[in-house]
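We did not get these values from a lab; they are worked out from the coordinates using the rules stated. Because the structure is predicted, anything quoted here is derived from the model rather than measured. Methodologically, a virtual Cβ is constructed for each residue, glycine included, from the backbone with ideal geometry; neighbour enumeration extends over all protein chains shown.
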């Protein structure tokens with residue numbers, strides 16, 4: 001960590017720049033990761049950290065002090081607690097955050113499974129889906145128009161470090177990806193699809209997951225080779241989109257583990 005600089009005023013030019021970046025990360029090419037776990041993950045995985053931000057009270061936290069000792073050469077800014085909270089957007093932040101460069105959009109063909117999100121708007125849902133995809137070994141994520149921004153602070157918090165093991169494409173042409181035909185496109189639908197547990201999921205799959213309220217757009221649902229539905233208990237209407245995505249991805253993983261064992 002370099003010699004820290006202190007910020008005590010909302011009129012400070014650096015503070016104004018940080019606030020603007022946190023509000024519109026894609027526009028500025030940088031985002032804010034907040035919390036001890038996420039900052040430690042960035043440092044451990046070699047993510048380029050442009051700045052470390054620490055609240056005045058955070059300086060007294062032993063884990064934060066350890067993080068700072070392990071980050072030589074990175075610019076450190078110490079903010080008053082109220083200013084840090086404003087940047088963080090968390091009511092009771094732990095007191096440390098990092099400004100990171102948003103990785104470039106991956107180029108080249110998509111290899112293997114992919115998860116395609118169609119207008120999934122809730123940041124918590126998008127982050128949870130990314131976290132699930134990483135845990136299930138699905139490394140390709142395509143977010144179509146209307147999705148919450150993958151690199152916004154709220155999605156990063158919900159993802160809990162998953163972003164850094166995924167190839168994330170935002171504002172993706174989901175229809176064009178399906179037309180390329182590199183895998184079997186499966187649409188997840190609340191009703192009327194084939195039973196998920198009776199569907200062979202051993203081949204590479206492009207999973208299509210839709211908006212929290214309206215589901216998949218009609219053109220994408222029609223472009224899919226298969227539609228699958230998760231069977232629910234009597235009287236249950238639907239699942240949260242993040243929960244549904246998790247069930248699908250791990251059912252595929254379960255089936256493939258069975259194939260490998262035979």
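Helix 13-23 and the longest principal axis of the Cα set of the chain meet at an angle near 10°.
Sorted fewest first by neighbouring Cβ atoms within 10 angstrom, 207, 151 come out as 151, 207.
What the Cα atoms of the chain give is an Rg and a Dmax of 20.6, 65 Å.
Rounded to the nearest 10 degrees, the inclination of helix 241-261 to the longest alpha-carbon principal axis of the chain is 70 degrees.
When only alpha carbons are used to place a centre, the stretch 61-138 and the stretch 193-262 end up 27 Å from one another. By the count of neighbouring beta-carbon atoms within 10 Å, fewest first, 217, 88 end up ordered 217, 88. The ranking of 132, 229 from fewest to most other beta carbons within 10 Å of each one's beta carbon is 229, 132. Ranked by the mean number of other Cβ atoms within 10 Å of their residues, highest first, the peptides 96-105, 232-241 come out as 96-105, 232-241.
Relative to its Kirkwood radius, the Cα radius of gyration of the stretch 113-171 gives an Rg/Rh of 0.90. Every Cα-Cα pair in the stretch 5-101 was counted, and those over 22 Å apart are 19% of them. The tail of the calculated P(r) for the stretch 114-261 beyond 28 Å holds 12 percent of all Cα-Cα pairs.
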